[in-house]
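Student: Dumping the structure here so I can ask a few things about it.
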Amino acid sequence: MDWLTEPFHHEFMRRVVVGGALLGFTNGFLGAFVVLRRLALMADSLSHSLLPGLAVALLLFGLAPVGLFFGALVAALIVAMGAQIIARSSRLKEDTALGALYTVAFSLGVVLISFVKVRVSLLHYLFGNILGLSDSDLWIIWGISLIVVPLLVGLQRPLLLTLFDPTVAASQGIRVNWLNFILMFSLVLTMIASLQAIGVIMLLGLLILPAATVYLLCDSYSTMLWGGGVIGMLGSLAGLLLSYWLNLPSGASIVLVLGIVFFAAFFFSPRYGLIRRLRPARHLHAESLARWPHGSPSEETGSEKAEG
Amino acid sequence: MSRLTPTLDPTSAHRLVVRDLTVSYNRVPALHHIAFELGCGESVALLGPNGAGKSTLLKSLVGLLPRETGSITFHGREVAGATKDFAYLPQRENIDWDFPTTVRGLVEMGRYLRLGWWRRFREEDCLAVDEAIAAMRLETLHRRQISALSGGQQQRAFLARALAQQAHVFLLDEPFTGLDKPSQDNLKEMLRTLRGQGKLIIASHHDLQTVSELFDRVILLNGELIAEGPVAEVFTEANIHKTYHTAPFTGPAGRPHHHHH
């Protein structure tokens, strides 16, 4: 059993495990809102648009974490708001506006990083490197997780009403625009926290795969939030250990593990899995027989089902 | 919140009074100087052609649209913005039926407004939810995910949510659309139950054939108020013709305006 505990003997590995677990939980928890609010495309755009912000921060302030943090924040806000402005002031719809803006921003980031004097690799920001997590990175992860998760837990009722039906929520006096803003802000913060560990390209996987998995398994909002968090956390830990043992890139291992879990749910979910869907439905004749006076006495649900 | 208080003027108690209501989209009025008065325990059909402002009226009653002129009072109190006394039920096609919630979860949402953001569910809340589910006869279905319901059952689940909210005024957008005859009859019965509990029901409706069996009052609307009153008096050939054959003012000629929802 030595191989199982061996990774935890290293100081750096303990840091990585704590960081990975926190990130997995926070992303998985937040992911439920992203999935239900259909923000996946938005999230992908935002994660890519962090890159030019990082590049500018590197050019101006070098590797200082505060500079990187605010650079990423500002870049994400510019792309999110810019897309809104383009969509509202032209005939373009928001998906096109976002796509146009974030690919341009991403390219700008790639070009700018090539001018950076500090020795950094572009690949580091694209794919992340959780094994290189520094103490300050870990503090940022702690800080952001302790802001985002309690905030979302505290707001879960108004968020639920807003996600379910924004019009009705607004009619009940809920400040829908504010909640959307808070959601976007949490999203950007969480991405910045996750940047070092898994990079801008695969961020989205850690964010939405756990929530998408739980969504295929359950019909409860709170299970979706906490379940997403737990799957994200366990998946991250499993992915990290795999990457340690097999010497694989950490971000990709995490997303692959989460992907396997997701596809398992997609195929085998007892309620919403593909196999369940493909299984032939009960023949209507059986139901009509059940309602026939000579057959078994029909139960209340039988007549309810026939209503619509 | 406009809760009933003992000092109320008896003439305004249990009355919804709308005076001189004008609502505009992008400065083009969609509703012109509407005025009517309704009482609790009535069920009212909101009738008019497409674009007559039926949805606009419902939405302005719950504060979703800013009003340009006029006032809305309920129980003798000015209604400004959202209130727990009013429940707005959207059209069924606007709902994400795959949302991870059961019938019970949906009805519990009605309590959140009373509970606020933090307070825990208590016994009285569970009781209110149980009662609402029972009143809408959803006991055998309360564990189902909401897409596993028929159209009529879905409508009843939303009514149950409004009941759990302890709303007094129910504003329904086309509740009977797309329901087959048995579900329609069933929903009709549920609305009777609500009316019997003293709720005021205002529903936009488009099937003129069923008005007299489903409702006891009508509001005939076409940008402006054509007529309002008991079905027997107001729902006449002449008034219907007038409602469906007047061209409402929709801005400068030849410039149709669009509603953004």
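The values are calculated or read from the model by the stated rules, or taken from the named source; none is laboratory data. Since we're looking at a predicted model, the values are computed, not measured. Don't worry about glycine lacking a Cβ; one is built from the backbone with ideal geometry, like all the others, and counts go over all protein chains shown.
Student: Give the residues of the stretch B:115-154 that are part of a loop (DSSP other than H, G, I, E, B), under 22 Å from B:R92 (Cα atoms) and of a type in the set (A, V, I, L, M, F, W, C), sorted by residue number. It would help to see each step written out before you state the result.
Tutor: First, the residues of the stretch B:115-154 that are part of a loop (DSSP other than H, G, I, E, B): B:116-122, B:136-138, B:142-144, B:149-150.
From what's left, under 22 Å from B:R92 (Cα atoms): B:136-138, B:142-144, B:149-150.
Selection gives B:M136, B:L138, B:L149.
Student: What are the pairs, 6+ residues apart or on separate chains, where a residue within the stretch A:208-235 that is away from every other protein chain (no Cβ under 12 Å) and farther than 23 Å from A:S45 by Cα has its Cβ under 8 Å from a residue that is surrounded by 24 or more Cβ atoms within 10 Å (Cβ to Cβ) and among the hydroxyl-bearing types (S, T, Y)?
Tutor: Listed by first residue and then by second, the contacts come to A:I231/A:T213.
Student: Within the stretch A:249-308, considering only helices (runs of 4 or more DSSP H) that don't extend past its boundaries, which have at least 3 residues that are at pLDDT below 90 and within 13 Å of another protein chain (Cβ to nearest Cβ)? Outline the logic, then answer.
Tutor: Working: elements: A:250-268, A:274-278, A:284-291, A:300-305.
Once the helices (runs of 4 or more DSSP H) in the stretch A:249-308 are filtered for at least 3 residues that are at pLDDT below 90 and within 13 Å of another protein chain (Cβ to nearest Cβ), what remains is A:300-305.
Student: I would also like to ask the following. Taking only pairs six or more apart or across chains, which ones have beta-carbon atoms under 6 Å, a first residue in the stretch A:246-262 that is buried (at least 23 other Cβ atoms within 10 Å of the Cβ), and a second residue that is part of a loop (DSSP other than H, G, I, E, B)?
Tutor: These pairs meet every condition: A:G251/A:G128.
Student: Those residues that are within 9 Å of chain A (Cβ to nearest Cβ) and either among the β-branched types (V, I, T) or closer than 15 Å to B:G178 by Cβ (or both), I need them from the stretch B:144-157; list them, please.
Tutor: Within the stretch B:144-157, B:I146, B:L149, B:S150, B:G151, B:G152, B:Q153, B:Q154 qualify.
Student: Being modelled with pLDDT of 90 or more, buried (at least 20 other Cβ atoms within 10 Å of the Cβ) and of a type in the set (F, W, Y) narrows it down to one residue among A:F70, A:F106; which is it?
Tutor: A:F106
Student: Further, regarding this structure: Which residue out of B:I133, B:I146 is touching a helix residue (DSSP H, G or I) at 6+ places or on another chain (Cβ under 9 Å) and closer than 19 Å to A:T167 by Cβ?
Tutor: B:I146 is the lone residue from the list that is touching a helix residue (DSSP H, G or I) at 6+ places or on another chain (Cβ under 9 Å) and closer than 19 Å to A:T167 by Cβ.
This table checks each residue for (1) surrounded by 19 or more Cβ atoms within 10 Å (Cβ to Cβ); (2) of a type outside the set (A, V, I, L, M, F, W, C).
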residue: B:W97; (1), (2): no, no
residue: B:Y112; (1), (2): yes, yes
residue: B:R119; (1), (2): no, yes
residue: B:D130; (1), (2): no, yes
residue: B:R137; (1), (2): no, yes
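Student: When you go through B:A52, B:A80 one by one, which is the residue that is more than 15 Å from the chain's Cα centre (by Cα), farther than 22 Å from B:E174 by Cα, assigned to a loop (DSSP other than H, G, I, E, B) and not polar (S, T, N, Q)?
Tutor: Answer to the selection: B:A80.
Student: Taking only the stretch B:162-182 into account, find how many residues are modelled with pLDDT of 90 or more and facing chain A (nearest Cβ under 9 Å).
Tutor: So the answer is 2.
Student: Now a separate question. From A:L195, A:L159, A:L189, which residue is within 14 Å of chain B (Cβ to nearest Cβ), under 29 Å from A:V255 (Cα atoms) and either in contact with a Leu (Cβ under 8 Å, 6 or more places away or on another chain) or in a helix (DSSP H, G or I) (or both)?
Tutor: A:L159
Student: In the stretch B:133-143, which residues are more than 10 Å from chain A (Cβ to nearest Cβ) and farther than 17 Å from B:I201 by Cβ?
Tutor: Residues satisfying the conditions are B:I133, B:A134, B:H142.
Student: Hey, another quick one. Within the stretch A:4-25, is there a residue that is polar (S, T, N, Q), part of a helix (DSSP H, G or I) and under 21 Å from A:G259 (Cβ atoms)?
Tutor: The answer is no, given that none of the residues of the stretch A:4-25 is polar (S, T, N, Q), part of a helix (DSSP H, G or I) and under 21 Å from A:G259 (Cβ atoms).
Student: Looking at the stretch A:110-127 only, could you name the residues that are surrounded by 11 or more Cβ atoms within 10 Å (Cβ to Cβ) and either touching a Lys or Arg at 6+ places or on another chain (Cβ under 8 Å) or closer than 14 Å to A:A64 by Cα (or both)?
Tutor: A:V116, A:V120
Residue-wise test of (1) small (G, A, S); (2) modelled with pLDDT of 90 or more; (3) crowded, with 16+ Cβ neighbours inside 10 Å; (4) out of contact with any Pro (no Cβ under 7 Å at 6 or more places or on another chain).
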{"residue": "B:D9", "(1), (2), (3), (4)": "no, no, no, yes"}
{"residue": "B:A13", "(1), (2), (3), (4)": "yes, no, no, yes"}
{"residue": "B:T22", "(1), (2), (3), (4)": "no, yes, yes, no"}
{"residue": "B:I34", "(1), (2), (3), (4)": "no, yes, yes, yes"}
{"residue": "B:E42", "(1), (2), (3), (4)": "no, yes, yes, yes"}
{"residue": "B:A45", "(1), (2), (3), (4)": "yes, yes, yes, yes"}
{"residue": "B:S60", "(1), (2), (3), (4)": "yes, yes, yes, yes"}
{"residue": "B:G63", "(1), (2), (3), (4)": "yes, no, yes, yes"}
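Student: Any idea how many residues of the stretch A:214-228 are surrounded by fewer than 24 Cβ atoms within 10 Å (Cβ to Cβ) and either touching a strand residue (DSSP E or B) at 6+ places or on another chain (Cβ under 8 Å) or closer than 18 Å to A:I198 by Cβ (or both)?
Tutor: 2
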